[in-house]
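What follows is a short report on a single structure.
The values are calculated or read from the model by the stated rules, or taken from the named source; none is laboratory data. Note that this is a predicted model, so its numbers are computed, not measured. As a convention, Cβ positions derive from the backbone with ideal geometry for all residues, glycine included, and neighbour counts pool all protein chains shown.
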Amino acid sequence: MVGLLFASPIFASLAKRLVGIGEASFISLAAPFIDDNALVEQKTARLATFYMCIPAGTTLGYVFGGLVRLILIKSSFLDVSLIVFLVCWFK
């Protein structure tokens, strides 16, 4: 997303908005779908699992991003650019 932002801020903004529209429609339509199609005994468990997966997915995304960052820094791909960024930031 950062590379996309540098390439075209307008396109990055449009892409982020489209993703938000897709997520909002999925979240608002999934609960009634589960409620209509799940068995009576399983409705509560399925809805609880669905709503539990929303913050869990966000959390796993942050963890995965941190691991990718660590891998890139250990391979010294970002090592030089990180030092240059910090020097320029605190200059």
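Some values worked out for this structure:
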item: Residue selected from segment 22-61 under the condition out of contact with any Leu (no Cβ under 8 Å at 6 or more places or on another chain) and of a type in the set (Asp, Glu), by the criterion modelled with the lowest pLDDT; result: 23
item: Subset of segment 31-68 (residues that are within 25 Å of residue 20 (Cβ to Cβ) and among the polar types (S, T, N, Q)); result: 49, 58, 59
item: Boolean, residue 76 is at pLDDT below 90, on the phi > 0 side of the Ramachandran plot and of a type in the set (S, T, N, Q); result: yes
